[in-house]
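First up is the structure itself, then whatever we jot down about it.
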Amino acid sequence: DKIPIAAQGIVRDITKEKEYEDQLIESENRLATLILNLDSGILLEDENRKIVLTNNKFCELFQIPVAPDNLVGADCSDAAEQNKHFFNDPEGFVSRINKIIKDKKTVLGDELIMVDGKVLERDFIPIYKGTEYQGHLWSYRDITLNRRYRQSIENEKQK
């Protein structure tokens, strides 16, 4: 008579899967909080040069007047051109970024001198999953005080 007389279902315990998922989310949140509060300017881009994550220090260093969350998803392809005026050697800044991205090799301790006298140290870390390129991480640190301190010590030694 086409009237259902029984129902069948499968029940399985997903407690462990749910715990692992919660731990992963908690770990991602801790990492994001750590990055947002670092004293280094952090910019994480995906393989298409779209911003995945950035922090307040990065926005402060490059005088970006928006919250880091608002930059997520923005295209960074022209960012070097837009920010080159901050540096003593604008064309060198742009060409170096293009070379670094093209080579996709780790770069540590690249020094940049800004027009306002600040000295930044830049790191570039490519991110791979196996052999597949997933994006890269830029890290910028203001080392102006260290540089001035080292220079003053050097000047004292010279005297």
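The values are calculated or read from the model by the stated rules, or taken from the named source; none is laboratory data. Since this is a predicted model, take the numbers as computed values, not measurements. Glycine gets a Cβ as well: all are built from the backbone with ideal geometry, and neighbour counts include every protein chain shown. To get the accessible areas, we keep the full protein, side chains included, count just its heavy atoms, and leave off ligands, DNA and RNA. Shrake-Rupley method; radii C 1.70, N 1.55, O 1.52, S 1.80 Å.
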Q. Out of Gln63, Gln134, Gln23, any idea which swings most in a Gaussian network model of the chain, alpha carbons joined below 10 Å?
A. Gln23
Q | Relative contact order %, the chain, counting alpha carbon pairs below 8 Å whose residues are six or more apart | A | 18
Q. Against the longest principal axis of the chain, how steep is helix 15-36, in degrees 0 to 90 to the nearest 10, with axes from Cα atoms?
A. 20
Q: For the stretch 10-75, build the convex hull from the C-alpha positions and give me its volume per residue in Å³.
A: 117
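Counting only protein heavy atoms and using a 1.4 Å probe, what share of the accessible area of the stretch 1-138 belongs to carbon plus sulfur, as a whole percent?
Carbon plus sulfur share of accessible area: 53 percent.
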Q) Based on the inverse mean of 1/r over its pairs of different Cα atoms, what is the Kirkwood hydrodynamic radius of the stretch 62-159, in Å? A) 15.5
**Q.** Thr33 accessible area, assembled protein chains, probe 1.4 Å, Å²
**A.** 80
Q. Just going by the charge dipole of the chain, with Lys and Arg at +1 and Asp and Glu at -1 on Cβ, which of Met114, Ser139, Ala67 is farthest out on the positive end?
A. Met114
Q) Between Asp78 and Glu26, what FRET efficiency follows from the Cβ-Cβ distance if R0 is 35 Å, with the result rounded to 0.05? A) 0.45
Q) Where does helix 90-103 land angle-wise versus the long Cα axis of the chain, in degrees 0 to 90, nearest 10? A) 40
**Q.** P(r) histogram, all alpha-carbon pairs of the stretch 1-130 included - 10 Å bins from 0, percent
**A.** 10, 32, 28, 10, 7, 6, 4, 2, 0
Q: Roll a 1.4 Å probe over the protein chains and send me the accessible area per residue for the chain in Å².
A: 72
**Q.** Long-range HN-HN contacts of Ala74 with modeled amide H, under 5 Å
**A.** Ile51
Q. If you take all C-alpha pairs in the stretch 45-112, what percent of them are over 20 Å apart?
A. 31
Q | Derived scalar couplings ³J(HN,Hα) [the stretch 130-139; Karplus, 6.51 cos²θ - 1.76 cosθ + 1.60; whole Hz; x for Gly, Pro] | A | x, 9, 8, 5, 10, x, 7, 10, 9, 10
Q.
Given contacts defined as C-alpha pairs under 8 Å and at least six residues apart, what's the relative contact order of the stretch 26-116, whole-number percent?
A. 19
Q) Taking 0.36 nm per intervening residue step and subtracting the Cα-Cα distance, what contour gain separates Lys104 from Tyr149 on full extension? A) 12.9 nm
